[in-house]
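> Sharing a structure with you now.
The values are calculated or read from the model by the stated rules, or taken from the named source; none is laboratory data. Not measured: the values here are computed from a predicted model. We place every Cβ from the backbone using ideal geometry, glycine too, and count neighbours over all the protein chains shown.
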Amino acid sequence: MKIVITTSFEETCKKAADIIIDQINTKPDSRLGLATGSTAAGIYPYLVKANKDGKVDFSKVSTVNLDEYVGIDPKHPESYRACMDRWLFDHVNIDKKNTVVASGLGDPDESVKAFNKAIADGGQIDLQLLGVGLDGHIGFNEPGKVLYSHAHREKLTDSTIEANARFFDKIEDVPKEAISMGMGDIMKAKSIVFAANGENKTEAIKNLLMNDAIDSQWPVTVIKMHPDATVIIDEELAKMVGYSC
Ligand code: F6R
C-alpha cells in the first residue's frame, strides 16, 4: 500500500481527484469504480471543476458504483443513483448510458443478478474509489464471519444504519439492506484509491495500517493484499491512529 498523509480533508479529496484525473487522461476510456458517502462527495467537486476547466474528458469513461440501497427509488434523493447524478454525472460530459448503479427497486435477487452481469460485462475496473464505514465496511461488505466475492445482498449493521441516518429524516427511514459489489469484485480492480477522514474512522484505519492481519471482522483490511492501492488520510486521523511515516 502507498500511504499518503495530507494536511486536511480538502487536500485528501484533491489528491484522490488528481489520481482519478490522471487515470482518465492516461486512459480516456477508463472504467471507474465509484463510491458514495460523504468522503466521496468531497472528491467529486474536484472532478467536476477539472471537467469544466477542460482538464479531463469523461466522454469515453464508464463507471460502476459499489452499492445501492434495497427498496429505494432511484428518484429518492438519497438513492445512490440520485447522489451520483447530483454530485457528478449531471455536471460532467459523461454518457449516463455508461454509468452502472445497481437497481434498488424490484426483486433484489434479480437486481443482484443484473448487477453481477453488468460488472462482468464491463470488464476490469481500472480504478476503484473506496471510503470506509465506521465498522470497517468497504462497499457495503459488512464485517462478519464470511465475506463474499461477488455482488450480493447485504444486511446493514446497526452501526451503518446509525451512521447513514444523517442523510434521512429519521433513522426508521434508513434502508436496512443493500446490494453491494463483493470483495473479489473490488480486489480485481487494477488500482484502488482509498480515502478516509474523521475521528470515528480511527478503529478501521488502525486495523488497516497498524497490523498485518486480514480480518473479516474488518473488511477494509483486504486492501493490504492489493498490489496497487493508495491510502489517503489526513494528519489528524494519522495521529489518532498512531501512524507515522
Ligand atoms: C458507499 C460505500 C461506503 C462508504 C462508507 C463511508 O458507496 O461504499 O462504503 O464509502 O460508508 O461513508 P462516509 O464517507 O459517508 O463516511
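> Which of (1) more than 19 Å from Ile192 (Cβ to Cβ); (2) touching a Gly at 6+ places or on another chain (Cβ under 6 Å) is the odd one out, the single condition Ala118 does not satisfy?
(2)
> Enumerate the strands (runs of 3 or more DSSP E) found wholly within the stretch 135-239, keeping only those where 2 or more residues are of a type in the set (A, V, I, L, M). Give the steps one after another, and end with the answer.
Details: elements: 152-155, 177-180, 191-196, 229-234.
Here the list reads 177-180, 191-196, 229-234.
> Cβ-Cβ below 6 Å, separation at least six or inter-chain, first residue in the stretch 152-176 and without any contact (Cβ under 8 Å) to a residue 60 or more places away in the chain, second of a type in the set (Lys, Arg) and outside any helix (DSSP H, G or I): which pairs?
Leu156/Lys176
> Out of all the residues in the stretch 98-113, is one or more over 17 Å from the mean Cα position of the chain (by Cα), of a type in the set (S, T, N, Q) and more than 11 Å from the ligand (Cβ to nearest atom)?
Yes, that holds for at least one residue.
> Looking at Ala204, Ala196, Ala178, Ala163, which one is modelled with pLDDT under 95 and within 12 Å of the ligand (Cβ to nearest atom)? Before you say what the answer is, go through the steps one by one.
Numbers: Ala204 fails: modelled with pLDDT under 95; Ala196 fails: modelled with pLDDT under 95; Ala178 fails: modelled with pLDDT under 95.
Among Ala204, Ala196, Ala178, Ala163, only Ala163 is modelled with pLDDT under 95 and within 12 Å of the ligand (Cβ to nearest atom).
> A further question on this structure: I need the full set of residues from the stretch 148-169 which are surrounded by fewer than 16 Cβ atoms within 10 Å (Cβ to Cβ), under 23 Å from Asp109 (Cα atoms) and not small (Gly, Ala, Ser), in order please. Working first, answer last.
Initial filter on the stretch 148-169 (surrounded by fewer than 16 Cβ atoms within 10 Å (Cβ to Cβ)): 149-150, 153, 155, 158, 162, 165-169.
Among the residues that remain, those that are also under 23 Å from Asp109 (Cα atoms) are: 149-150, 153, 155, 158.
Passing the criteria: His150, Arg153, Lys155, Asp158.
> Here's a follow-up. Of the residues in the stretch 38-58, how many are among the aromatic types (Phe, Trp, Tyr) and away from the ligand (no atom under 16 Å from the Cβ)?
Initial filter on the stretch 38-58 (among the aromatic types (Phe, Trp, Tyr)): 44, 46, 58.
Checking which are away from the ligand (no atom under 16 Å from the Cβ) leaves us with 58.
Adding up the residues that qualify gives 1.
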